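Here's the structure we're looking at; comments come further down.
The values are calculated or read from the model by the stated rules, or taken from the named source; none is laboratory data. Keep in mind it's a predicted model, so treat the numbers as computed, not measured. No Cβ is skipped: glycine too gets one built from the backbone with ideal geometry, and neighbour counts run over all protein chains shown. Keep in mind that these areas ignore ligands, DNA and RNA; they rest on the heavy atoms of the full protein, side chains included. Shrake-Rupley method; radii C 1.70, N 1.55, O 1.52, S 1.80 Å.
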Amino acid sequence: MTPAETRAESSPESDAAAASASDAAAASASDPAARPDGGDAGDRTSNGGAPVPATRAPAEATGPSGAAAEVAAAAGTPSKTVAGTSPAADGGAGAPAADGGAGAPAADGGAGAPAADGGAAPARPRRWARRRQDLVVFGLFLLAAVWVTSQIWVDPAGRVASLYSSDPAQVQFFLAHSVRVVLHGEFPFFTEQFNYPDGVNLMANTAILALGIPMVPVTLLFGPAVTFVVLVTLALAGTASAWYFVLSRHVVRSPLAAAVGGWFCGFSPAMLSHANWHPNIISQFLLPFIVWRVLVITRSRRPWRDGLVLALLVTVQAFINEEILLFTALACGVFLLAVLAQRPALWSAAWRPLAKALATCAVVAGTLLAYPLYIQFAGPMAYHGLSDAVRDYGNDIAAFFAPGSPTLGGNERANVNLAPNYSEENAFFGWSLSLIAVGIVAWLRRELLVRALAVTGVFFAVLSLGERVSWWDRELVTGPWEWLVRLPLLDAVVPTRFGLITGVVVGILLALAVERSRALPVEPRTLRTLTVAGLVLALLPIAPMPLKVTSRPPVPDFITADRWRGYVGPDQTLVPIPVPNMGHTHGMRWAASTNLDFKIPGGYFLAPRNGNTGDPGRFGGRPSGVGQLLEEVASTGRTPELDDRQRRRSLDELRHWRAAILVLPVDQHHAEPLRRTVEQLVGPGRRELDVWVWDVRALTDQPA
């Protein structure tokens, strides 16, 4: 029987006794000197409050208490799990001893509890029960992720998020690049397959190599569009599952509490918002393990080993998304400072293992990432600082109280001025959850863990407001981000995304609230009713809905039938019309569908202004006269009259790109004005399958 079931079937008197025991344990955990037995903070009580000795941890798990031990005690979990050992298979306090002997009796009848006949209860059935329980939770999370992405699954290649289509096309391009890395040994951190001939610094553009390379078989079999939706689905389910796993093993005993926390961390409004466009941002399944390992090293007996484990996690996460990794490091730092501010004595025991483990992590991760980071910050097409277009992205204060657009209670029109755009709704908890989160902190304010979480959540919520603090789009004061935005590394951060940290804090608070509610002196049936009502009130308004999609034009038959191969050589480009840029990314999808077998000019990416390495970043490469001309025609539908000077400049750009052919789909919006404009530049084209083609090799091979 699980701990939750035991509590649910207990009498009010036993619940009250358990609550008293819990209070006593919390008091003794916060003041070891007051404990009558001088035992570990992980001791538990059972049978109406009688003390039960805690099972002694293996040798490597014992040692001086650190921040992690204090957090574990505050969370109500055995402190021995802090060192990386697993609790009993059913989450009980009494795990079997390391030498094979029977463990201490567990309060909830766990694996270490004596059997009815006096013998030790078998641990294996309990372990299998826990594993089956985990599989059920993981399966439910996966079903929820499929529900969210269901509209894209209907036609992955022909459907895209309804508001913007640029980021999915960029991600698909990066996925195709991973195929070239694996099959052709192409350099992973830089490419000339778009923005030719300048190329693109992929380390500075989140090329998601740690996601794309393992997905190469899927990309080869089904194409990058299918891989994109697979990644989004697995990212949502995987993040929720990872948080559930860590919470259930190290923070709370109740599977329901862990599932609630994992659910919110994986399917919060912010995660749903980014699911439309950014699988790299929502792939947070390593973050719970990174956070826990950081806490482990504060009291580790094997700091070198634990530092190595942390380094490997950090390295992999760096190739998923560096910004989220930076957020995680900052959040861990703020949280630990909040713990130490309340328990300064912990520092004397924690600093040595912490220093050793962090030094190991820095050396190992630094060695593994040294060359990629060199390419990112000092390699070709490196930039310093974000584009002005996104540097001041911040949340409106009111965004924390409105439901997210992709949720049951969301309203896109109401949210239009509360976030930079619909892909950056990084708060949007809704009124009910926001008030409940504040209530949880007030209720559990005596717990060190809750106070430290509250400090962390508020700190990053304030930073997420950006350089100008506003309320319903009305500017109030200058935000603290105004003084931080120019610091190294932080100058490449989108401030509104700090709200993602606050979202994780809220998820953990929800898990703790569900866990602590089990000890309330309330009749079990009433307690269950109140718990369910509270969760419905908090989570129903922001329940995930299927992502809204729109259709997008298919890749032309001219591309999929490989007709382009008769024109384009290895060092030449195929020029899509309009020239690819932030607003016109169909040409990037064409290239991705061929696994980047041809090069294109332009594209959607971050690069230094004017192509000068080290300049501040901007979206797109060098300004292009012919690109801007065709973009204007595509937007307005008006055909301009071109003079000889414009024609000469356009031909110069085509030569710079080493253009072989220009390709215009016949069903392109404003295709006829675009065709007439291109004919003024390079002469008449001809229709081939479903595109207009201009063979310009005779023009571009000529010297300027």
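Observations on the structure shown:
- Residues that are in contact with a Leu (Cβ under 9 Å, 6 or more places away or on another chain) and in contact (Cβ under 8 Å) with a residue 24 or more places away in the chain were ranked within segment 359-371; the one that is farthest from N612 (Cα to Cα) is T360.
- Check on L286, in contact (Cβ under 8 Å) with a residue 12 or more places away in the chain, open to solvent by 20 Å² or more (accessible area, probe 1.4 Å) and under 13 Å from the mean Cα position of the chain (by Cα): yes
- Residue match in segment 271-291 (condition: touching a Cys at 6+ places or on another chain (Cβ under 7 Å) and more than 30 Å from R159 (Cα to Cα)): yes
- Selection from segment 261-279 of residues that are within 21 Å of F245 (Cα to Cα) and either open to solvent by 10 Å² or more (accessible area, probe 1.4 Å) or assigned to a loop (DSSP other than H, G, I, E, B) (or both): W263, S268
- Among residues of segment 342-358 that are outside any helix (DSSP H, G or I), those with a beta-carbon under 9 Å from a residue that is buried (at least 22 other Cβ atoms within 10 Å of the Cβ) and modelled with pLDDT under 95 at least six positions away or on a different chain give the pairs R343/A67; R343/E70.
- Single residue of I320, I324 found to be of a type outside the set (G, A, S), under 26 Å from A461 (Cβ atoms) and outside any helix (DSSP H, G or I): I320
- Residues within segment 344-357 that are surrounded by fewer than 17 Cβ atoms within 10 Å (Cβ to Cβ) and either within 19 Å of A452 (Cβ to Cβ) or among the aromatic types (F, W, Y) (or both), tallied: 5
- Entry remark, segment 294-313: residues being part of a helix (DSSP H, G or I) and either closer than 22 Å to F189 by Cα or touching a residue at least 40 places away in the same chain (Cβ under 8 Å) (or both) number 12 in total.
- A single entry from V536, V522 fulfils the requirement of being more than 30 Å from L325 (Cβ to Cβ) and outside any helix (DSSP H, G or I): V522.
- Test: residue in segment 314-322 that is without any contact (Cβ under 8 Å) to a residue 12 or more places away in the chain, open to solvent by 20 Å² or more (accessible area, probe 1.4 Å) and more than 22 Å from V505 (Cβ to Cβ): no
- Residue count for segment 569-598, restricted to those that are under 15 Å from G223 (Cα atoms) and part of a loop (DSSP other than H, G, I, E, B): 4.
- Set side by side, the residues E688, E632, E672 differ, and just one is touching a Lys or Arg at 6+ places or on another chain (Cβ under 9 Å), within 26 Å of S165 (Cβ to Cβ) and open to solvent by 70 Å² or more (accessible area, probe 1.4 Å), which is E632.
- Enumeration of residues in segment 386-412 that are in a helix (DSSP H, G or I), in contact with a Gly (Cβ under 9 Å, 6 or more places away or on another chain), open to solvent by 40 Å² or more (accessible area, probe 1.4 Å) and not charged (D, E, K, R): F401
- Considering segment 293-313, the residues that are of a type in the set (A, V, I, L, M) and open to solvent by 30 Å² or more (accessible area, probe 1.4 Å) include one that is nearest to I282 (Cα to Cα), namely L313.
- Qualifying residue in segment 599-621 (condition: farther than 10 Å from N195 by Cβ and at pLDDT 95 or above): no
- Test for N595: is it among the polar types (S, T, N, Q), open to solvent by 10 Å² or more (accessible area, probe 1.4 Å) and under 30 Å from T636 (Cβ atoms): no
- If you filter segment 538-580 down to residues that are under 37 Å from the mean Cα position of the chain (by Cα) and of a type in the set (S, T, Y), you find that the one that is nearest to A437 (Cα to Cα) is T550.
- Sole exception among (1) farther than 24 Å from C265 by Cα; (2) assigned to a loop (DSSP other than H, G, I, E, B) for I559, by number: (2)
- Residue in segment 417-432 that is out of contact with any Pro (no Cβ under 6 Å at 6 or more places or on another chain), surrounded by 21 or more Cβ atoms within 10 Å (Cβ to Cβ), in a helix (DSSP H, G or I) and at pLDDT 95 or above present: no
- One residue from L512, L465 being crowded, with 24+ Cβ neighbours inside 10 Å, at pLDDT 90 or above and part of a loop (DSSP other than H, G, I, E, B): L465
- Within this structure, A338 fails the test of being more than 25 Å from L487 (Cα to Cα), touching a Lys or Arg at 6+ places or on another chain (Cβ under 8 Å) and buried (at least 18 other Cβ atoms within 10 Å of the Cβ).
- Some residue of segment 524-536 being more than 27 Å from L606 (Cβ to Cβ), crowded, with 16+ Cβ neighbours inside 10 Å and touching a strand residue (DSSP E or B) at 6+ places or on another chain (Cβ under 6 Å): no
- There is no residue in segment 632-642 that is closer than 20 Å to E192 by Cβ and of a type in the set (A, V, I, L, M).
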